[in-house]
1. Taking segment 84-121 on its own, how many of its residues are within 18 Å of residue 20 (Cβ to Cβ), in a loop (DSSP other than H, G, I, E, B) and in contact with a Leu (Cβ under 7 Å, 6 or more places away or on another chain)?
2. Could you check, for segment 43-62, whether at least one of its residues is surrounded by fewer than 19 Cβ atoms within 10 Å (Cβ to Cβ) and at positive phi?
3. Listed residues 70, 79; which is in contact (Cβ under 8 Å) with a residue 24 or more places away in the chain, under 30 Å from residue 13 (Cα atoms) and outside any loop (DSSP other than H, G, I, E, B)?
4. Restricting attention to segment 79-95, does a residue exist that is of a type in the set (Ser, Thr, Tyr), within 15 Å of residue 34 (Cβ to Cβ) and either touching a Lys or Arg at 6+ places or on another chain (Cβ under 6 Å) or surrounded by fewer than 22 Cβ atoms within 10 Å (Cβ to Cβ) (or both)?
5. With respect to residue 125, is the statement that it is assigned to a loop (DSSP other than H, G, I, E, B), of a type outside the set (A, V, I, L, M, F, W, C) and modelled with pLDDT of 90 or more true?
Amino acid sequence: MAPYVNDVAVRWSDQDAYGHVNHARVVTLLEDARTGLLFDAATKAGVAAFEAGLLVASLEVAYKRPIAWTPAGVRVVMTAQDVRAASFRVAYRLLLPNGAGDGSFDEAKPAVTASTQLVPYDLATERPRRLTAEEREFLAGYTT
């Protein structure tokens, strides 16, 4: 299956005093990318239940290279993993432009690798819920 790819803009204010994207802002870039997968792409595929509620149960981030501001932004490549009855993980590889000026990104050396474990959540009952068959089928399209 193919991963989901989302290009995300890096804001000038995301930088710290050293001219690199601040570690907390990296998590926001990952969140921005994830909404493209779980809200935009899912809704387009007819799966709107994720919009009803999702909780991040855990987050792991490994910083491999500094991220400097660039007008090209970053590319986030995502896959679904460990899809269970009531949770799943999204794995991320955050890529930087390769510097060739052709709009391509450096696939070989991600700046960040990360994963979030997500739990579907029913906001009305304030309780976790199980994934629907449609959600599982959607995630299977991005499972490695």
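1. Selection size over segment 84-121: 3.
2. Yes, some residue in segment 43-62 is surrounded by fewer than 19 Cβ atoms within 10 Å (Cβ to Cβ) and at positive phi.
3. The match here is 79.
4. yes
5. yes
The values are calculated or read from the model by the stated rules, or taken from the named source; none is laboratory data. It should be emphasised that the depicted structure is a prediction, and the values quoted were computed from it without experimental measurement. Cβ: placed from backbone, ideal geometry, glycine included. Neighbour counts: every protein chain shown.
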